[in-house]
């Protein structure tokens, strides 16, 4: 099933420099399909490419207190994805395209 680019949520325990969150925290990420193609152009007599990536367009910082193995606490901030979208990307031309 093809899905459109959108924000997804998961929960996980954050582990940073040997310190861990006491409870799972909500982590967000972008995933899905975006418009991309490679088409022949009669006008330029070449292949025309369009590439786009599903990625974050709005983020915020979230804070969580981590507990370290020596008993100390560490205030840690992480990136939280607020919004995702298809963003234009550079298409890399392949040097070894085979023509027959």
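Here are a few things to note about the model shown:
- Filter pass, residue 48 being assigned to a strand (DSSP E or B) and under 24 Å from the mean Cα position of the chain (by Cα): no
- Options 91, 30, 51; residue that is modelled with pLDDT of 95 or more and in contact with a strand residue (DSSP E or B) (Cβ under 7 Å, 6 or more places away or on another chain): 30
- From the list 12, 22, the lone residue that is modelled with pLDDT of 95 or more and more than 18 Å from residue 87 (Cβ to Cβ) is 12.
- Residue within region 1-15 that is outside any strand (DSSP E or B), surrounded by fewer than 10 Cβ atoms within 10 Å (Cβ to Cβ) and touching a strand residue (DSSP E or B) at 6+ places or on another chain (Cβ under 7 Å) present: yes
- Subset of region 51-72 (residues that are part of a strand (DSSP E or B) and free of Cβ contacts under 8 Å to residues at least 24 places away in the same chain): 59, 60, 61, 63
The values are calculated or read from the model by the stated rules, or taken from the named source; none is laboratory data. All values reported here derive from a predicted model rather than from experimental measurement. Every residue, glycine among them, receives a Cβ derived from its backbone with ideal geometry; neighbour counts consider all protein chains shown.
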